[in-house]
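Participant: The structure follows.
The values are calculated or read from the model by the stated rules, or taken from the named source; none is laboratory data. Everything numeric here is computed off the predicted structure, so don't read it as measured data. When we count neighbours, we look across all protein chains shown, and the Cβ atoms used for this are built from the backbone with ideal geometry, even at glycine.
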Amino acid sequence: MDDEWIYGGQPAQIFDTIVRGRPNGMPAWSGKIPQGDIWRIVAYVQSLSGRQPASATPVRGDELQQGGGMPAAPSPDMRKAPESR
């Protein structure tokens, strides 16, 4: 989760780490996890670093990322109990 990637932080290097394992604790997952799932894990591991490529699409619209778009509290009209029929 830091900027130092011992075995490399590029997608292919992370994939290789997952498939082959690494000494002192990282088991090899080759043949145990389908390749498509390994690539999803690679994407997840990269997302933990906080270093997203400039071409990455935001998860939600900019107005929500910057705190806009949703009121801080319900409007007075929304606080009223619904009228019974």
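Participant: Quick one: in segment 25-60, of everything that is over 11 Å from Phe15 (Cα atoms) and of a type in the set (Lys, Arg), which residue is modelled with the lowest pLDDT?
Facilitator: Checked segment 25-60; the qualifying residue modelled with the lowest pLDDT is Arg60.
Participant: When you scan segment 31-44, do you find a residue that is surrounded by 10 or more Cβ atoms within 10 Å (Cβ to Cβ), in a helix (DSSP H, G or I) and among the aromatic types (Phe, Trp, Tyr), even just one?
Facilitator: yes
Participant: Here's a follow-up. From the list Glu63, Glu4, which residue is on the phi < 0 side of the Ramachandran plot, surrounded by 10 or more Cβ atoms within 10 Å (Cβ to Cβ) and at pLDDT below 90?
Facilitator: So the residue among Glu63, Glu4 that is on the phi < 0 side of the Ramachandran plot, surrounded by 10 or more Cβ atoms within 10 Å (Cβ to Cβ) and at pLDDT below 90 is Glu63.
Participant: Is there any pair with a first residue in segment 1-21 that is under 10 Å from Trp39 (Cα atoms) and a second that is in a loop (DSSP other than H, G, I, E, B) whose Cβ atoms are under 9 Å apart and which are 6 or more apart or on different chains, and what are they?
Facilitator: Ile14/Trp5; Ile14/Tyr7; Ile14/Gly8; Ile18/Ala28; Ile18/Trp29; Ile18/Ser30; Ile18/Ile33
Participant: Taking segment 1-26 as the region of interest, how many residues are assigned to a loop (DSSP other than H, G, I, E, B) and either in contact with a His (Cβ under 7 Å, 6 or more places away or on another chain) or hydrophobic (A, V, I, L, M, F, W, C) (or both)? Full working, then the answer.
Facilitator: So in segment 1-26, the residues assigned to a loop (DSSP other than H, G, I, E, B) come out as 1-10, 21, 23-25.
Checking the rest, the ones that are also either in contact with a His (Cβ under 7 Å, 6 or more places away or on another chain) or hydrophobic (A, V, I, L, M, F, W, C) (or both) come to 1, 5-6.
Of the residues in segment 1-26, 3 are assigned to a loop (DSSP other than H, G, I, E, B) and either in contact with a His (Cβ under 7 Å, 6 or more places away or on another chain) or hydrophobic (A, V, I, L, M, F, W, C) (or both).
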